[in-house]
Amino acid sequence: MDHTNTDMQLCSIIRQNLESCILGKSQEIGLLMTALLAGGHVLLEDVPGTGKTQLVKALARSIGGQFRRIQCNPDLLPTDITGVSIFHPRDEKFIFRPGPVMANILLADEINRATTKTQSALLEVMEERRVSVDGFSHDLPSPFLLFATQNPIEFEGTYMLPEAQLDRFMIKLTLGYPDEATELQMVLSHQAGQLLDRLEQVAEVEDILRIQERVRLVHIDEALGDYLIRIVRGTREHAGILLGASPRAAISLLGAVKAHAFLDGRDYVLPDDIKQLAQPVLGHRLMLHTEARMSGLSAADIIAEVVQQTKVPIRLER
């Protein structure tokens, strides 16, 4: 039995399950699947009502993962996320009461409404997959993925995400409004009840852990690795960039392109994998000079320019 083919088929089933619930967003679901298989966190930036929360819930239900949701606001404390140690008088010792972070999939809704102090509580969680409370470390369930949403048009009562936190999100994506035909289909289907309520589990979290291990074994030629690094370094050298992509960004991009190749049925990376993932992985990490922004340039424009100017290797080994 070819376990690799079986895992690829399972990924296809999970994707179809999500597409049955979130209509007309195949490309965005593909990026979500890429992050899932690469073990990366996702930032979803969009206006309210476009299905961000429903998409994350659908993913958790599809893989049978433990799901927790945090509604971020200025009153939210770091311990409301990580948990707290409480003194137990009878046993005369402190007992750790875990917070909602102890889940396979954590949704931080409207993350930019939480204070910077509370946002910083997620830094260790995102990088180390553990929390430290009162000097003791507690490992998170595996797999663990953070999905954070934010509204791009509301500024009152919001806090900018620090660069160090943005850099820990593997992918940033937007869902956008559906087209007219899809929106009509969506409205009519909701008359029969929520699509999410009818969604069935099609995989186990153990399946995801196994597939993540297979994704790490996807081959990338040394010349393609150099091509990837040259694109990342190119963002730092562009005249319009104040802060370019970090070495962590390069690691994230490598993991994402391997997952993208696996989802495409391959055990090796192609240049097109890197080209397609450069924007969703690197775009949110770049900080532009004021002059570049005023001239109408965007991070997407600069990444497209860097990719176009970076020479693709001709001879590859597989």
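Please compute one quarter of the surface area of the Cα convex hull for the stretch 205-318 and express it in square nanometres.
Taking the Cα atoms of the stretch 205-318, their convex hull projects to 7.6 nm² on average.
Placing +1 at every Lys and Arg Cβ and -1 at every Asp and Glu Cβ, with all other atoms neutral, what dipole size does the chain have around its Cα centre, in debye to the nearest 20?
380 debye
Relative contact order for the chain using alpha-carbon pairs under 8 Å, separation at least 6, rounded to a whole percent?
Reported as a whole number, the value is 22 percent.
Please identify every one of the chymotrypsin sites (Phe, Trp or Tyr not before Pro) in the stretch 86-161 that sits in a loop by DSSP and has no more than 13 other beta carbons within 10 Å of its own beta carbon.
Those that pass, being in a loop and sparsely packed, are 155.
Sticking to Cα atoms, compute the Rg of the stretch 12-123 to one decimal and its Dmax as the biggest Cα-Cα distance, whole number, in Å.
Rg and Dmax of the stretch 12-123, Cα atoms, are 16.7, 56 Å.
Quick check: pseudo-label points 7 Å beyond the Cα along Cα→Cβ at residue 164 and residue 142, how many nm apart are they?
For the pair residue 164/residue 142, the computed spacing is 2.6 nm.
Relative to the Cα centre, what is the charge dipole magnitude of the stretch 218-309, using +1 at the beta carbon of each Lys and Arg, -1 at the beta carbon of each Asp and Glu, and rounding to the nearest 20 debye?
Using Cβ point charges on Lys, Arg, Asp and Glu, the stretch 218-309 gives about 320 debye.
Is it possible to state the helix-based mean residue ellipticity at 222 nm for the chain, with each DSSP H run of 4+ residues giving -39500 (n - 2.57), the sum divided by total residues, to the nearest 500 deg cm²/dmol? What is it?
-14500 deg cm²/dmol
Considering only 251, 152, 77, whose Cα is most displaced toward the positive end of the charge dipole of the chain, charges sitting on Cβ of Lys, Arg (+1) and Asp, Glu (-1)?
Checked the options; the winner is 251.
Looking only at the chain, where both bridge partners belong to it, what percent of the DSSP beta bridges are antiparallel (to the nearest 5)?
DSSP beta bridges in the chain are roughly 40 percent antiparallel.
Among 262, 196, 23, flag the residue with its Cα farthest along the positive direction of the charge dipole of the chain, charges on Cβ as +1 for Lys/Arg and -1 for Asp/Glu.
Positive-most Cα among the choices belongs to 262.
To the nearest 0.05, how large is the calculated FRET efficiency for residue 134 and residue 206 if R₀ is 45 Å and r is the Cβ-Cβ distance?
0.90
Quick one: 3J(HN,Hα) in Hz for the stretch 130-138, Karplus 6.51/-1.76/1.60 with θ = phi - 60°, rounded, Gly and Pro as x.
For the stretch 130-138, the Karplus curve yields 7, 10, 10, 10, 6, x, 10, 9, 10 Hz.
All of the numbers you see were taken from the coordinates with simple rules; none came from a lab. No experiment lies behind these values; they were computed from the predicted model shown. Please note: Cβ atoms are built from the backbone with ideal geometry, for glycine as well, and neighbour counts cover all protein chains shown.
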